[in-house]
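Trainee: My questions will all concern the structure given below.
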Amino acid sequence: MTKSASDLFPDHDGATPRVARAGTTHATGILPAHAIRGLIREREIWGSKEINDDQIQPASLDLRLGTTAYRLRASFLPGPKSSVMEKVEQFAFHKIDLTDGAVLETGCVYLVPLMEALALSERTSAAANPKSSTGRLDVFTRLITDNGSEFDQVEAGYKGHLYLEISPRTFSVLVRAGSRLNQIRFRRGQPTHTDAEMQRLHETVRLVDDEVADIDGGLALTVDLKGDSETGLVGYRGKRHAGLIDVDLRDGYEVLDFWEPIYANSGRNVVLDPNEFYILASREAVHVPPTHAAEMVPYNPLVGEFRVHYAGFFDPGFGARAAGGSGSRGVLEVRSHDVPFILEHGQVIGRLIYERLTDEPTELYGQGIGSSYQKQGLKLSKHFKVD
């Protein structure tokens with residue numbers, strides 16, 4: 001069952017690519033879109049099929065599923081002495097052909113070799129996370145590399161394949177070769193991002209609408225349980241045993257077939273039931289300036305036994321006035337662990353870390369690139385019809 005580079009990516013010649021020559025303002029930081037295009041030209045990023053330009057976001061690259069999925073006995077990390085496919089040979093139950101589409105069922109763990117692969121320079125590393133639409137469907141995904149000891153992290157200088165672990169939690173999903181569930185961003189060097197730097201950035205461009213921001217280990221976001229002034233809607237809870245969702249179908253499903261609306265109560269709180277999935281929104285409107293990207297810290301046991309935001313990456317321009325935004329609420333994908341937990345309006349639910357780009361991207365989130373969530377409030381994934 002083990003496959004070589006030539007099996008999975010027959011068009012790659014195996015040569016070590018040259019370092020991309022994209023011009024930079026800063027020696028370290030997240031690489032913007034034009035630098036990612038440079039990595040593709042220099043074949044630090046390559047694939048079994050040509051990489052499409054619409055995969056490139058302002059500071060990230062969408063990754064595509066390959067043609068085969070493996071149903072696994074359990075999740076795993078290969079560790080420093082093993083390739084992913086060697087572990088698959090031990091733990092896979094069966095292979096699934098994704099060429100014409102296949103169903104991935106809730107409660108199961110799958111692994112899919114991706115179309116993209118890497119041959120990074122020694123100063124370039126990468127990190128991955130689910131796309132926003134993936135997280136909002138409660139599809140848990142994590143990137144894995146050969147000899148890797150951490151999920152979603154790609155060491156500097158990595159040369160090899162990329163694999164995606166997929167585990168649908170609430171809804172079974174239909175996927176196919178080419179479906180895009182994850183995105184990857186590239187980092188040059190070891191940039192710093194301190195609270196003092198974020199405070200200066202807030203004083204310059206206002207990261208949230210509040211004049212005084214809570215910045216302590218990142219910029220605090222709080223939950224909005226006051227809700228819409230007309231309807232009182234504060235969020236949604238996923239319905240178990242609902243229908244199948246095609247991840248590539250936009251505006252295809254009725255909201256109430258899959259979601260139970262949650263409305264504000266007099267106490268302005270909501271009880272999170274263990275292992276149920278909720279879509280909520282931040283009270284703050286977020287701004288990510290063109291010079292930076294942001295990432296939400298997904299889980300902090302000090303503020304409660306819940307996880308928030310599987311898809312925690314915000315591209316430059318998200319909610320920013322420079323990209324036609326007026327602030328965008330952070331949509332929160334929330335799951336409580338083990339015990340019921342009461343969330344109250346205004347409670348801190350996560351923190352954003354802002355990180356500088358090497359230089360400003362040529363396009364921003366929300367500027368004619370098919371961005372789905374600019375100017376968003378409480379919003380489900382793009383798969384659901386909007387009234």
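The values are calculated or read from the model by the stated rules, or taken from the named source; none is laboratory data. It should be emphasised that the depicted structure is a prediction, and the values quoted were computed from it without experimental measurement. Virtual Cβ from ideal backbone geometry, glycine too; neighbours counted across all protein chains shown.
Trainee: Among G217, G178, G227, which is closer than 30 Å to V109 by Cβ and either of a type in the set (K, R) or surrounded by fewer than 22 Cβ atoms within 10 Å (Cβ to Cβ) (or both)?
Mentor: Residue meeting the stated conditions: G178.
Trainee: Could you please tell me which pairs satisfy a Cβ distance under 8 Å, a separation of 6+ or placement on different chains, a first residue in segment 232-243 that is in contact (Cβ under 8 Å) with a residue 12 or more places away in the chain and farther than 11 Å from V255 by Cα, and a second residue that is of a type in the set (G, A, S) and in a loop (DSSP other than H, G, I, E, B)?
Mentor: G232/A264; L233/G227; L233/A264; V234/G227; V234/A264
Trainee: Kindly indicate whether E86 is under 21 Å from S48 (Cα atoms) and of a type in the set (D, E).
Mentor: The answer is yes for E86.
Rundown of residues vs (1) of a type in the set (F, W, Y); (2) more than 19 Å from P316 (Cα to Cα), yes/no style:
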{"residue": "F186", "(1), (2)": "yes, no"}
{"residue": "V205", "(1), (2)": "no, no"}
{"residue": "V212", "(1), (2)": "no, yes"}
{"residue": "G252", "(1), (2)": "no, yes"}
{"residue": "S266", "(1), (2)": "no, yes"}
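Trainee: On to the next question. Going through A242, A177, A156, A220 one at a time, which residue ends up being farther than 27 Å from R71 by Cα and in a loop (DSSP other than H, G, I, E, B)?
Mentor: Criteria check complete, one pass: A156.
Trainee: Could you check segment 42-96 and list, in sequence order, the residues that are under 24 Å from A156 (Cα atoms), in a helix (DSSP H, G or I) and touching a residue at least 40 places away in the same chain (Cβ under 8 Å)?
Mentor: Within segment 42-96, Q55, V84, M85, E86 qualify.
Trainee: So, of the residues in segment 33-73 that are farther than 27 Å from M85 by Cα and within 17 Å of the chain's Cα centre (by Cα), which turns out to be surrounded by the fewest Cβ atoms within 10 Å (Cβ to Cβ)?
Mentor: Among residues in segment 33-73 that are farther than 27 Å from M85 by Cα and within 17 Å of the chain's Cα centre (by Cα), the one surrounded by the fewest Cβ atoms within 10 Å (Cβ to Cβ) is D54.
Trainee: Scan segment 277-284 and tell me whether some residue there is assigned to a strand (DSSP E or B), modelled with pLDDT of 90 or more, touching a helix residue (DSSP H, G or I) at 6+ places or on another chain (Cβ under 7 Å) and β-branched (V, I, T).
Mentor: Yes, segment 277-284 contains at least one residue that is assigned to a strand (DSSP E or B), modelled with pLDDT of 90 or more, touching a helix residue (DSSP H, G or I) at 6+ places or on another chain (Cβ under 7 Å) and β-branched (V, I, T).
Trainee: Just one of (1) part of a strand (DSSP E or B); (2) of a type in the set (G, A, S); (3) at pLDDT below 70 trips up G330, so point out which.
Mentor: In the conditions (1) part of a strand (DSSP E or B); (2) of a type in the set (G, A, S); (3) at pLDDT below 70, G330 misses (3) alone.
Trainee: Can you find, within segment 324-365, the residue that is surrounded by the fewest Cβ atoms within 10 Å (Cβ to Cβ) among those that are of a type in the set (D, E) and over 20 Å from D216 (Cα atoms)?
Mentor: D338
Trainee: Out of segment 97-111, which residues are touching a Ser or Thr at 6+ places or on another chain (Cβ under 9 Å), in contact (Cβ under 8 Å) with a residue 60 or more places away in the chain and not in a loop (DSSP other than H, G, I, E, B)?
Mentor: V103, L104
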